[in-house]
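Reviewing the structure listed below.
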Amino acid sequence: KWIFDLLLKNEAGKVRPEQRHYMEMGNISNEKLIIIVNNLLNVSRIEEGNFKLNLSSCDIKKILTKTRMSINSLVRSENIDLQYELAKNLPAITADESKISMVIENILSNAANYTPENGKIKISVAAEDSFLVINVIDNGIGIPEKEQKKIFSKLFRATNAIRAHPDGSGLGLFIAKKIIKMHKGEMTFESQEGIGTKFIIKLPMVKA
């Protein structure tokens, strides 16, 4: 990763366009490998009971800003319309900021990967009862009805998802569900193949 970064920043001399193309391909492959390795490590920690939370009062707007920056290039490359609808005066949540960021980034990345070019992704956040509710809605390929019950299973990937992106690990949603459960929250979804998917995350608000 460090070497690719240096080369792409022309630290070893000016890079020709055709060279840059291959370096960028290598850099993307490297990033995918890092994600897979980290997911495997996280699954191992979860199953061994060593996946701990560092809880504090968190601002959901700050978390969303960070995750938006991390997926901006993917959204731009597919010309996807990413919309945010945040209620005013959102309350704080008690959470592990880095792990909640991981969950939201995973769902947004999935939405971007499985939404066709010029598609739409909408993120809405509002307070409902004692929970902060985050909705991520896309108009992507959706999840086949017969496979929906397995979507949070370890290593499972829907058949249409495999066709769209053969190199996924099938670990992201498994980890995301576990993280939300550890926060005493809920994570569900609604989906229709060929229409789109809506993921719903409910996290407990900080008690006054």
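Given charges of +1 on the Cβ of Lys and Arg and -1 on the Cβ of Asp and Glu, with all other atoms neutral, how large is the dipole of the chain about its Cα centre, in debye to the nearest 20? Provide the component values of the computation, followed by the final result.
On the way: 30 positive and 24 negative charges, 73 e Å.
Its charge dipole is roughly 340 debye.
For the stretch 111-125, backbone nitrogen atoms closer than 20 Å to the point 7 Å from Ser73 Cα along Cα-to-C-beta are found at 111-115, 117-118. Here the label points at Phe156 and Phe189, each 7 Å from Cα along the C-beta direction, are separated by 1.0 nm in the simple model.
Which residue, Lys149, Lys99, Lys62, tops the fluctuation ranking in a GNM of the chain built on C-alpha contacts under 10 Å? Of Lys149, Lys99, Lys62, the most mobile in the Gaussian network model is Lys149.
On the protein heavy atoms, probe 1.4 angstrom, tell me the percent of accessible surface of the chain carried by carbon and sulfur.
Values: 6530 of 12340 Å².
Carbon and sulfur: 53 percent of the exposed surface of the chain.
Give me the tail of P(r) for the chain as a percent: Cα-Cα pairs with distance above 24 Å.
Working: 9990 of 21528 pairs.
For the chain, the fraction of Cα-Cα distances above 24 Å is 46 percent.
Measuring between their Cα centroids, the stretch 110-170 and the stretch 33-93 lie 14 Å from each other.
Over 24 Å between C-alpha atoms is what I'm after, so list which of Lys61/Lys99; Lys1/Lys150; Lys150/Lys177 land there.
On the way: Lys61/Lys99 15 Å; Lys1/Lys150 34 Å; Lys150/Lys177 12 Å.
Check vs 24 Å cut-off fails for Lys1/Lys150.
Placing a label point 7 Å from the Cα of Lys61 along the Cα-to-Cβ line, the residues of the stretch 81-105 whose backbone N sits under 11 Å from it are 86-91.
If you roll a 1.4 Å probe over the heavy atoms of the protein chains, what accessible area per residue do you get for the chain, in Å²?
Numbers: 12340 Å² over 208 residues.
With all protein chains present, the chain gives 59 Å² per residue.
Backbone phi angles across the stretch 15-27, fed through the Karplus curve with coefficients 6.51, -1.76 and 1.60 (θ = phi - 60°), yield HN-Hα couplings of 9, 6, x, 5, 5, 4, 4, 6, 5, 5, 4, x, 5 Hz in residue order; Gly and Pro are listed as x. Residue-wise HN-Hα couplings along the stretch 31-36, as the Karplus relation 6.51 cos²θ - 1.76 cosθ + 1.60 with θ = phi - 60° gives them from phi, are 5, 5, 5, 4, 4, 5 Hz; Gly and Pro carry x.
Think of each Lys and Arg Cβ as +1 and each Asp and Glu Cβ as -1; about the Cα centre, that makes the dipole of the stretch 18-138 roughly 280 debye. Legend: distances between Cα atoms for Lys9/Lys198; Lys66/Lys202; Lys9/Lys88; Lys62/Lys198; pairs beyond 29 Å are Lys9/Lys198; Lys9/Lys88. A simple rule links phi to the HN-Hα coupling: the Karplus curve 6.51 cos²θ - 1.76 cosθ + 1.60 with θ = phi - 60°, which for the stretch 153-168 gives 6, 5, 6, 7, 9, 5, 4, 6, 5, 5, 5, 6, 9, x, 9, x Hz, with x for Gly and Pro. The amide H of Leu82, built 1.01 Å from its N in the peptide plane, has Ile121 as neighbours under 5 Å, considering only residues 5 or more places off or on other chains. Spin-label model, Arg45 to Leu90: label points 7 Å out along the Cα-to-beta-carbon direction sit 2.4 nm apart.
The values are calculated or read from the model by the stated rules, or taken from the named source; none is laboratory data. No experiment lies behind these values; they were computed from the predicted model shown. No Cβ is skipped: glycine too gets one built from the backbone with ideal geometry, and neighbour counts run over all protein chains shown. Surface accessibility is based on the protein's heavy atoms, side chains included, excluding ligands, DNA and RNA. Shrake-Rupley method; radii C 1.70, N 1.55, O 1.52, S 1.80 Å.
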